[in-house]
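Notes for the one structure printed next.
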Amino acid sequence: MPTAIEHVIWSAPEEARAGTTLVVALHGRGADERGMAGLLEHLPPGVTLASVRAPISEGGGYAWFANRGIGRPLENSIKDTAQAMFGWLDHVADQHHKVALIGFSGGTAMAGGLLFEQPGRFAGAVLLSGTLPWDAGLDSTPGRFEGVKVFWGNDEADQVIPRELMERSEAWLREESGADLTVRHYPGLGHGIGVQELRDVHDFISGLIAAEG
């Protein structure tokens, strides 16, 4: 199963990225890197956006991991992709003084997997309309996200992500993660990213940049 990270849309050429905050965008299952590239216009100045294509072909698009149902990754698959992502970050993030994640749907599960594996690598994460990757052999001990700023946003009536996974994720984030947590719910949004949510994400990333100095 391929795990190389080969396709990325960058918001700026390499020579213009130094000293910026690198925001890595992870698309949903069956989509590709183009779907998240437009986020840049909703982010504050001082950000370089890297919209990454998942490595596994899926339908007409791509997926981050093989699964056993919606939001339920296979352990070896999500760990293989995590290692590929960390290898890619080793090559591209040295000129950035902080790294944040934005995930949507399946990309939220992947972002959660990266945080579970190496939480200290990230200044923050925006997790939208998804679930953390439970029961996939990842370290979710209490306090695992200590010092990480996390934005958790969704419509609690989302009909795509199983409710029990969303509820389990939010409860763990609130009660056990140790994260500096922001929670926002958007009734009527469904499974998507809304205008008010984008404003809130802008403010969250602005605060992350300011807090990190």
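The values are calculated or read from the model by the stated rules, or taken from the named source; none is laboratory data. Because the structure is predicted, anything quoted here is derived from the model rather than measured. Using ideal geometry, Cβ is built from the backbone for each residue, glycine included, and neighbour counts are taken over all protein chains shown.
Values as computed for the structure displayed
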quantity: Residues that are buried (at least 18 other Cβ atoms within 10 Å of the Cβ), in a loop (DSSP other than H, G, I, E, B) and polar (S, T, N, Q), drawn from the range 102-139; calculated: Ser105, Ser129, Thr131
quantity: Residues being within 15 Å of the chain's Cα centre (by Cα) and either assigned to a helix (DSSP H, G or I) or at positive phi (or both) - total across the range 85-101; calculated: 3
quantity: Counted residues, the range 154-163 - those being in a loop (DSSP other than H, G, I, E, B) and buried (at least 19 other Cβ atoms within 10 Å of the Cβ); calculated: 3
quantity: Number of the condition not met by Pro45 [criteria: (1) part of a loop (DSSP other than H, G, I, E, B); (2) of a type outside the set (Phe, Trp, Tyr); (3) in contact (Cβ under 8 Å) with a residue 12 or more places away in the chain]; calculated: (3)
quantity: The range 32-61, residues that are out of contact with any helix residue (DSSP H, G or I) (no Cβ under 9 Å at 6 or more places or on another chain), within 13 Å of Ala12 (Cα to Cα) and either at pLDDT 95 or above or basic (Lys, Arg) (or both); calculated: none
quantity: Exclusive hit being crowded, with 21+ Cβ neighbours inside 10 Å, modelled with pLDDT of 95 or more, in contact with a Pro (Cβ under 8 Å, 6 or more places away or on another chain) and not in a helix (DSSP H, G or I), set Phe145, Phe151; calculated: Phe145
quantity: Cβ pairs under 9 Å, 6+ apart, first in the range 170-198 and without any contact (Cβ under 8 Å) to a residue 24 or more places away in the chain, second in a loop (DSSP other than H, G, I, E, B) and surrounded by fewer than 16 Cβ atoms within 10 Å (Cβ to Cβ); calculated: Glu170/Glu156; Glu175/Pro142; Gly194/Gly188
quantity: Identity of the residue in the range 1-47, polar (S, T, N, Q) and closer than 19 Å to Leu198 by Cα, that ends up surrounded by the most Cβ atoms within 10 Å (Cβ to Cβ); calculated: Thr21
quantity: Failed criterion for Trp88 (all others in (1) touching a residue at least 40 places away in the same chain (Cβ under 8 Å); (2) under 30 Å from Glu156 (Cβ atoms) hold); calculated: (2)
